[in-house]
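Engineer: Have a look at this one before I ask anything.
Each reported figure results from applying straightforward, stated rules to the coordinates on display, with no laboratory input. Being a predicted model, the structure only gives us computed values, none of them experimental. Quick reminder, even Gly has a Cβ in these numbers, built from the backbone with ideal geometry, and neighbours come from all protein chains shown.
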Amino acid sequence: MTVVHVVIGVAALALNVVAALWGGWCWRRSQSSVTFWRVLRAAQVLVVVEAAVGGILLLMGKKEASLHLIYGVLPLVVSLLAEQFRVSSAQMVLDARGYEDADAVGRLPKDEQRAVVLAIVRMEVGVMALSALVNVVLLARAATVVH
């Protein structure tokens, strides 16, 4: 079971690296990417699976350093907080530009609507890419703090 934990941990770390880099690239270019979102979601799933396997190992009596546990659980927290921030990104962009809601944006000329949508997409991608980067650091640290 420990080998499974290590393999999933390496996969989670690798996918978060890819998501952080791909998302950073997309953020820089102000574009979205279906591939980015798929890699990010796969990385998030692996973080959940990794934490679950770690929990099972704990229940089976495997002892780990407290820091390993903290660094292993924090990626879950980071991912949840990032999702909340991503959800509020659209309203933050609208507020920053002085629009009440999406209907106000719908009354704008098409090119201005597109600019608002691109700003929202850029913020969402940026938030999630940054969360993947933070998770890379946390997962790498968890891997180095054993016993």
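Engineer: All but one of (1) in contact (Cβ under 8 Å) with a residue 12 or more places away in the chain; (2) part of a helix (DSSP H, G or I) hold for Gln31, so report the exception by its number.
Structural biologist: (2)
Engineer: If we keep just the residues of the range 47-106 that are among the charged types (D, E, K, R) and in a helix (DSSP H, G or I), which is surrounded by the most Cβ atoms within 10 Å (Cβ to Cβ)?
Structural biologist: Residue satisfying both the conditions and the ranking: Glu50.
Engineer: I would also like to ask the following. Between a residue in the range 8-22 that is at negative phi and any residue that is of a type in the set (Asp, Glu), which pairs come within a Cβ distance under 6 Å, given they are 6 or more apart or on different chains?
Structural biologist: Every condition considered, the pairs that remain are Ile8/Glu50; Gly9/Glu50; Ala12/Glu50.
Engineer: Could you identify the single residue in Val18, Val39, Val7 that is farther than 16 Å from Val137 by Cα and out of contact with any Leu (no Cβ under 7 Å at 6 or more places or on another chain)?
Structural biologist: Val7
Engineer: Between a first residue in the range 112-133 that is farther than 12 Å from Leu94 by Cα and a second residue that is β-branched (Val, Ile, Thr), which pairs have beta carbons less than 7 Å apart while being 6 or more apart in sequence or on different chains?
Structural biologist: Ser131/Val78
Engineer: Something else about it: Is there any pair with a first residue in the range 82-104 that is closer than 25 Å to Ser131 by Cβ and a second that is charged (D, E, K, R) and surrounded by fewer than 17 Cβ atoms within 10 Å (Cβ to Cβ) whose Cβ atoms are under 9 Å apart and which are 6 or more apart or on different chains, and what are they?
Structural biologist: Pairs that qualify, where the first residue is closer than 25 Å to Ser131 by Cβ and the partner is charged (D, E, K, R) and surrounded by fewer than 17 Cβ atoms within 10 Å (Cβ to Cβ), are Gln91/Asp101; Leu94/Glu100; Leu94/Asp101.
Engineer: List, please: which pairs have Cβ atoms under 7 Å, are six or more places apart or on different chains, and start with a residue in the range 37-53 that is free of Cβ contacts under 8 Å to residues at least 60 places away in the same chain and end with one that is part of a helix (DSSP H, G or I) and polar (S, T, N, Q)?
Structural biologist: Listed pairs, sorted by first residue: Gln44/Ser79.
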